[in-house]
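Okay, structure first, notes after.
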Amino acid sequence: MLSLNELWFVLIAVLFIGFFFLEGFDFGVGMQTQLLAKNDTERRVLINSIGPFWDANEVWLITGAGAMFAAFPDWYATLFSGFYIPFVFALLALIARGVAFEFRGKRDSLAWRRTWDACIFFGSIVPPFLLAVVFASFIKGLPIDADMQMYAGFTDIVNVYTVVAGITVVMLCLVHGLMFTTLRTVGGLQVRARKLAQKLLLPLGALLLTFVIMTYFMTDVFEVRGTVLLIVVILGIIAYVLGGYFMTKKKDGWAFGMTGAVMALSVASIFIGLFPRVMISSIDQAYNLTITNAASGQYSLKVMTIVALTMLPFVLGYQIWSYFIFHKRINEKEHLEY
């Protein structure tokens, strides 16, 4: 049976997996406004396809950070103080993106729309890239001392390994988003989305393979959790191959599920490789933050568990309901809000 410390580590992992799965596709759709859409009407179709969902998807990130703060305050403190600058840029990008969704259609001006379209595009690239850099830094190791203080320089955070992770996640979000577009649109936009996803599948596979190889040689996670991670990698390969197969057969729902599975398994592998650590010290293994030394007291964890179990069904029920209500495909002839 899981201890409360282990339970909350798993819950935080699930929240971040949910965030990348759900927000990943609307990051991808945001990128498509410049990479796939040929005109303003198609951009509005793409934005409307995620209109009912994007803000609720971001709640998973907020909830994950909040759970980290409450369950593992030392992890939260070390993480957010050490990665202050990357998180500020990610937050500003998310703010600009959210504002752009609401404001781009408020004026009939080409320059006005192009400005907000640029915010949507870069606001869909910067956050997944920076978050991937942060997560990759977790398993590579960071200069954390005995007082749980992180003194990371630029190259401790931005290096070949973390940059490859960032590019890989951005590409995965784009492919995942393209498959979401095939589910939510019709006609030429749907066809082009499917074709572009097929073209990007090989580069995505190369990036994923490169990251796995680099992880094997540049971190200790395969030494710590080798058997479990090997299973995760095999499952990821199966999901990747099936995703490509379903794309060729135009089974878009299954293909979307497979790209989502690759995303979920990729994020899960980070937490599996970390456990029972939450941040790895490159100075001394004795300085690692773990689910024990970074956790709140048992009473706090118990109260949090009761509250979470009470509220979770309502939150999940609302989000499932919203996806069901807005599942209809969008076409260019319908009223476009943005």
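The values are calculated or read from the model by the stated rules, or taken from the named source; none is laboratory data. Keep in mind that what you see is a predicted model, and the values were worked out from it rather than measured. Methodologically, a virtual Cβ is constructed for each residue, glycine included, from the backbone with ideal geometry; neighbour enumeration extends over all protein chains shown. When the accessible area is computed, the model is the full protein with side chains, heavy atoms only, and any ligands, DNA or RNA have been set aside. Shrake-Rupley method; radii C 1.70, N 1.55, O 1.52, S 1.80 Å.
Under a 1.4 Å probe, what is the accessible area of the chain per residue, stated in Å²?
Value returned for the chain: 47 Å² of accessible area per residue.
Of all the accessible heavy-atom surface of the range 4-300, with the other protein chains kept in place and a 1.4 Å probe, what percent is carbon and sulfur?
Whole-percent figure for carbon plus sulfur exposure: 70.
Which three numbers, in whole Å and largest first, are the semi-axes of the equivalent ellipsoid of the range 1-151 derived from its Cα gyration tensor as √(5λ)?
Taking √(5λ) for each Cα gyration eigenvalue gives 34, 17, 12 Å.
Pairing the Cα long axis of helix 187-218 with the longest principal axis of the chain, what angle in degrees results, from 0 to 90 and rounded to the nearest 10?
Result, in degrees: 20.
As I understand it, the value is the acute angle between the Cα axis of helix 4-35 and the longest principal axis of the Cα atoms of the chain; what does it come to in degrees, rounded to 10?
Roughly 30 degrees, rounded to the nearest 10.
Pulled fully out, how much extra length does the chain show between Leu209 and Leu235, if you take 0.36 nm times their separation in residues and subtract their Cα-Cα distance?
8.0 nm
Give Lys106/Lys328; Lys195/Lys250; Lys195/Lys251; Lys199/Lys250 a once-over and call out the pairs whose C-alpha atoms are over 19 Å from each other.
Lys106/Lys328
To the nearest 20 debye, what is the magnitude of the charge dipole of the range 1-131 about its Cα centre, counting +1 on the Cβ of each Lys and Arg and -1 on the Cβ of each Asp and Glu?
560
Roughly how many Å is it from the Cα centre of the range 161-206 to that of the range 243-307, as a whole number?
Value for the Cα centre distance between the two parts: 22 Å.
Between Val99 and Gln198, with labels modelled 7 Å along Cα→Cβ, what's the label distance in nm to one decimal, could you check?
4.1
Using only the Cα atoms of the chain, each taken as one equal point scatterer with no solvent, compute I(q) by the Debye sum, divide by I(0), and report log10 of the ratio at q = 0.08 Å⁻¹.
For the chain, the Cα-only Debye profile gives -0.39.
Assuming a ≥ b ≥ c are the square roots of the Cα gyration tensor eigenvalues, decide whether the range 95-229 counts as rounded (a/c under 1.5), prolate (otherwise, with a/b larger than b/c) or oblate.
Verdict is oblate for the range 95-229.
Ranked highest first by average number of other Cβ atoms within 10 Å, how do 131-140, 244-253, 297-306 line up?
The peptides rank, most packed first, as 131-140, 244-253, 297-306.
Please name whichever of Leu131, Ser81, Asn293 sits farthest to the positive end of the charge dipole of the range 4-300, dipole taken about the Cα centre and charges placed at Cβ: Lys and Arg +1, Asp and Glu -1.
Of the listed residues, the answer is Leu131.
Which order do peptides 234-240, 280-286, 14-20 fall in by mean Cβ count within 10 Å, highest first?
In decreasing order of mean packing, 234-240, 280-286, 14-20 become 14-20, 234-240, 280-286.
If one takes the longest principal axis of the Cα atoms in the chain, at what angle in degrees, from 0 to 90 and to the nearest 10, does the Cα axis of helix 252-274 lie?
On a 0 to 90 degree scale, this one is about 20.
Hey, any idea what Rg/Rh is for the range 232-319, computing Rh the Kirkwood way over Cα pairs?
Dividing the radius of gyration by the Kirkwood radius yields 1.15.
Report the calculated FRET efficiency for Asp74 and Thr305 (r = Cβ-Cβ distance, R0 = 25 Å), to the nearest 0.05.
With R0 = 25 Å, the Cβ-Cβ based efficiency is 0.85.
So what's the net charge close to Asp220: Lys and Arg +1, Asp and Glu -1, counting the other residues with Cβ under 13 Å from its Cβ?
+2
Using the crude model of +1 on Lys and Arg Cβ and -1 on Asp and Glu Cβ, and no other charge, please compute the dipole size for the chain relative to its Cα centre, in debye to 20.
1460
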